[in-house]
Amino acid sequence: MNVTVHPGLLRGTVTVPPSKSLSHRALIASFLAGRGTVKNLAENSDIDATRDCLDALRNGGICDCRDSGSTMRFLVPLALVLNGGGTFTGNGRLPERPMGPYFELFTQKGVSVERSENGFTLRGALQPGCYSLPGNVSSQFVTGLLFALPLLNGESTIVLTSPLESASYAALTLQVLSAFGIQIEPVPDGWCIPGGQAYRPCDYTVEGDESAAAFWRVANALGSAITYKGLNPHSIQGDCAMRAIIDGDIRVIDVRECPDLVPALAVLCCFREGESRIVHAERLRLKECDRLAVMAGELNALGASVTELPDGLIIQGLASPVEENIDEAGGEGLHGRRPLLRGGNAGSHSDHRVPMSLAIAATRCRAPVTIRGAECVEKSYPLFWKDFSALGGNLR
């Protein structure tokens, strides 16, 4: 599906969708508890993948994770604990995304790994013990172990061999585990996990997604006037960092704890006067697409000035304010009237965060922006285009 977004600022109120990260975690914990209620669960293709794979774990079927890295990494250790292994498949870039930390760790524990073109099969059972893995690839490996190890019949430890990046996501996991009665003890460089635990049913309500809210926050910074509903003001989601980045006019932005913000951040920086740098973003090359290369290429095609680095981006903001505004009804934006990008054609690269960020950029372009493959927002925010239109966005 192609979507053409015409220039124009946004105004109104939007209900932010439930957190995808917390929905994954709550759904898995509820499954392990046997019953309970998860309220305000996100509805998107990634959560559908987790739901279907949990059914497959229950029935001994193949776990088709589609293109959800969270689903695959969260459920692999559980398959070993619950079923003595399992077969996992995926599509898109998922079969190419790193699984090495698990394969190396589990092979050392006596688990066999058989790889195929679009997935792998594991055979074996996890035993209590020490599980050492790097923290600089993805916190999702840590989360998978935190879900599974409490179910073993003895104590285990997770030892990080390098500093944990995206630590806020591990904190979300611990928050959900605690709500479902699981006790985890922090220790230097990791966690101690008592064995023989059982998940307890509870009623859990998923809060709004700060990753999704980030797009509307950037729209406001560019001049729109949007209010949000559904967010938790006390949330520990790492993407709450967008608030401070915008309010503090931070120009060197370290995204180790909030990598999913980069597409929206790149758009924000294009409209700031002067230079901004996004640093420690090398893991973005391993997402649904190479987000550093894609955001640099697509924004440059729209008239921006973005330089790609091995681990980040340098963005030269539009030089200075001009007496041109496409919609006087908008908010103050970045301290008044701002220059505009020229618009044009762009691709989504099958990455849900790319078209959403480009749509926000299009609100401040001189000409429309046509985004190819815009349906991929289904992965995290299926109602994005509906919400965009309801806020006054001019699209077809």
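No value in this document is a laboratory result; all are computed from the given coordinates. Note that the coordinates shown come from a computational prediction; the quantities given were computed from them, not determined experimentally. Ideal geometry is used to build each Cβ from the backbone, glycine not excepted, and the neighbour counts take in all protein chains shown.
Neighbour counts of other Cβ atoms within 10 Å put 51, 285 in the fewest-to-most order 285, 51. Pull up the cross-link candidates among the lysines for residue 20, meaning alpha carbon to alpha carbon under 26 Å and not fewer than 8 places away within one chain. Counting by Cα, and skipping residues close in sequence, residue 20 has these lysines nearby: 39, 229, 287, 379, 386.
If only the Cβ of Lys and Arg carry +1 and only the Cβ of Asp and Glu carry -1, the dipole of the range 20-205 around its Cα centre is close to 260 debye.
Based solely on its DSSP helices, what 222 nm [θ] is calculated for the chain when runs of n ≥ 4 H residues each add -39,500 (n - 2.57) and the sum is averaged over all residues, nearest 500 deg cm²/dmol? Calculated mean residue ellipticity at 222 nm is -10000 deg cm²/dmol. Mean-square fluctuations from a GNM of the chain, with a 10 angstrom spring cutoff on Cα atoms, peak among 293, 29, 42 at 293. Candidates 26, 140, 120 compared by Cα position along the dipole of the range 20-205: farthest toward the positive end lies 26, with charges placed on Cβ. Taken over the range 27-171, the percentage of Cα pairs per 10 Å bin, counting from 0 up to the bin with the maximum distance, is 11, 44, 38, 7. Compare the Cα positions of 302, 212, 384 along the charge dipole of the chain (+1 at Cβ of Lys, Arg; -1 at Cβ of Asp, Glu; about the Cα centre) and return the one farthest towards the positive end. Of 302, 212, 384, it is 384.
Angle, helix 139-148 long axis vs. longest principal axis of the chain, Cα atoms, 0 to 90°, nearest 10? Roughly 30 degrees, rounded to the nearest 10. If you run the Gaussian network model on the chain, springs between alpha carbon atoms under 10 Å, then out of 120, 106, 384 the most flexible one is 120. For the range 126-169, averaging the sequence separation of C-alpha pairs within contact (under 8 Å, six or more residues apart) and dividing by the residue count gives a relative contact order of 58 percent.
Per the Cα gyration tensor, the range 1-104 maps to an equivalent ellipsoid with semi-axes of 30, 19, 11 Å, ordered largest to smallest. If only the Cβ of Lys and Arg carry +1 and only the Cβ of Asp and Glu carry -1, the dipole of the chain around its Cα centre is close to 420 debye. For residue 372, neighbours were defined as the other residues whose beta-carbon sits under 13 Å from its Cβ, and their charges (Lys and Arg +1, Asp and Glu -1) total -3. For the chain, the orientation-averaged shadow of the C-alpha convex hull comes to 17.9 nm² (one quarter of the hull surface).
Rounded to the nearest 10 degrees, the inclination of helix 167-179 to the longest alpha-carbon principal axis of the chain is 50 degrees. With the charge dipole of the chain set up from +1 on Lys and Arg Cβ and -1 on Asp and Glu Cβ about the Cα centre, the Cα lying farthest toward the positive end among the listed residues 232, 12, 184 is that of 12.
Shown for 229, 109, 20: other C-beta atoms within 10 Å of each C-beta, ranked fewest to most, produce the order 229, 109, 20. With contacts taken as Cα pairs under 8 Å at a separation of at least 6 residues, the range 20-205 carries a relative contact order of 23 percent. Between helix 45-59 and the chain there is an angle of about 10 degrees, using the helix long axis and the longest principal axis of the Cα atoms. Measuring nothing but how far apart in sequence close Cα pairs (under 8 Å, 6+ apart) lie, relative to its length, the chain scores a relative contact order of 23 percent. Computed over neighbours whose Cβ is under 9 Å from that of residue 263, the net charge equals 0, Lys and Arg +1, Asp and Glu -1.
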